Structures are given as structure tokens and as C-alpha cells.
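Report on the structure given below.
The values are calculated or read from the model by the stated rules, or taken from the named source; none is laboratory data. Quick caveat: nothing in here was measured; it's all calculated off a predicted structure. Neighbour counts are summed over all protein chains in view; Cβ atoms, including those assigned to glycine, are modelled from backbone coordinates with ideal geometry.
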Amino acid sequence: MKQRECKNEKVKMKKLRGGGMEDPLEFLRNIKSVAVATVDDGKPAVRMSDVMLVEHEKLYFLTARGKPYYRQLKKNPEIALVGMDKNYVMVRVRGRIEFVENIFLEKIFEINPVLDEIYPEDTKDILEVFCLSSGVGEMYDLSGIPPKRERFAFGGAKVAEPGYKITEKCTACGICKELCPSRAISKGEIYKIDGSICLECGRCAENCPYDAIEPPSGI
């Protein structure tokens, strides 16, 4: 079964609770310190890294050329990151970074003045700026029951919709609906799962006697 894709590539999206609009990239900038994962010779590596700037639907970071972080990015520019605010709203993103001209360095120092204390005067010449210019992500709101999720893409990327999918092999037996902890499944000739509140726990698929439920694609 072909995965359905989220057609809207703009990063602005409806808030999951409370109305209005929310930009997940600005959300990460407001959190500022996020966990960024890389690959180090086939092994996972992670550290806290500050989102220094958001501009033109791109996330900007910096690192020093002597750090393992820098070497890992040069060898494999694919990263994943995640941040959560005090209200238990989480945004995670996966994509490919690119190093950019150091014209962005001055702007980053202007809007993040604490950097002048860490790298005073000319010592900032050891720093390199990189940006996440294309990626896919998910905003996951754990502040209420059931939790709600919405996926997004930016920079020309595409992302599949969240949640398990019920296929045409469904016989409408109703077993999955009774087993779903978040009540995400609705009746029909072919039952349907609301991906925005699907916990992606797999209980429905594990118990379907007709093998009619497919797992979600990751972001």
C-alpha cells in the first residue's frame, strides 16, 4: 500500500491545541537547546546544540572545526534532532545539513550575544556555521489526552502521514477498534485510523486476524 504524503510543505501549521498558528522551526529556536544526533563511524552520537538562527525556513547552528561534532557532520551530513518545551510539546526533525558562508557568523553573534563571552574577539574564527535546509519532522503534543501529532516538511522534502494504516483487506470485524488505547479507529466498510491521535503502538496490527493493518513510515 502506497504511503500517503502530506502535501503541504510549508512549515507553518495549525497549533495542535488552542488554535492559532505554530511554526515548528521557530518553536525549536524558542527552545534553543535541542538534542542533535549524528553518526560516528557507524555508532550513534548525540549532544545538546543551540539553534542559533531561523531564516528562510532553515535552522542554523555552529560548531568548532576541532570538535568531533564537526568531523561527524563533514563525513555524514544527515542529522536528527529533538526538542521539548515545558508544556510537553515536542518537535523532532530529520534532514541533511550543509555548511554555509561565514557571513552568517556575524549575524548569529549579534542575536546571541553570550557567544562573545565564549569566543571573544578573533577566537570565533575557529567556528563554522551550518544549516538544516531541507527536512521532515513531527510536532507531538503530550499536554492532553489523547496526545496529538502532526507532520511537516520543508525545503522541498516530503513526509508520509503519521499513524498505522488499514488496508483493503479489512473485513470490518471491529477487533482493532476495541483494542485501540487512544480510540483512534472509526467504523466503516473499511475501518479508518486517525493518524493525528494514533499512538503508533501497534496493538491493532498485532491482533488483526487478517493482516490488514500496515505500520507507519518514520519521519
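Some values worked out for this structure:
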| quantity | calculated |
| --- | --- |
| Residue within region 123-136 that is under 30 Å from R96 (Cβ atoms), in the same structural domain as L73 (by TED's automatic domain parsing) and in contact with a Pro (Cβ under 9 Å, 6 or more places away or on another chain) present | yes |
| Residues satisfying the stated conditions in region 187-200, i.e. of a type outside the set (D, E, K, R) and surrounded by 14 or more Cβ atoms within 10 Å (Cβ to Cβ) | Y191, I193, G195, S196, I197, C198, L199 |
| Helices (runs of 4 or more DSSP H) enclosed by region 106-216 - at least 3 residues per element that are more than 27 Å from V93 (Cβ to Cβ) | 175-179, 203-207 |
| So V51, is it modelled with pLDDT of 95 or more, among the β-branched types (V, I, T) and closer than 17 Å to E106 by Cα | yes |
| Residue match in region 34-50 (condition: of a type in the set (A, V, I, L, M, F, W, C), loosely packed, with under 14 Cβ neighbours inside 10 Å and touching a Ser or Thr at 6+ places or on another chain (Cβ under 7 Å)) | yes |
| Selection count where residues are charged (D, E, K, R), over 20 Å from the mean Cα position of the chain (by Cα) and under 30 Å from K86 (Cβ atoms), scope region 136-187 | 1 |
| Single match in I118, I126, I103 (criterion: farther than 19 Å from F152 by Cβ and touching a strand residue (DSSP E or B) at 6+ places or on another chain (Cβ under 8 Å)) | I126 |
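One line per residue, one yes/no per condition, for (1) under 20 Å from N30 (Cα atoms); (2) in contact with a Phe, Trp or Tyr (Cβ under 7 Å, 6 or more places away or on another chain):
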site	(1), (2)
R71	no, no
E78	no, no
L81	yes, no
M84	yes, no
M90	yes, yes
V93	yes, no
F99	no, yes
L105	yes, no
L142	yes, yes
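The rows are residues; the columns are (1) free of Cβ contacts under 8 Å to residues at least 40 places away in the same chain; (2) closer than 28 Å to R151 by Cβ.
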| residue | (1), (2) |
| --- | --- |
| R47 | yes, yes |
| D50 | no, yes |
| V54 | yes, yes |
| N102 | yes, no |
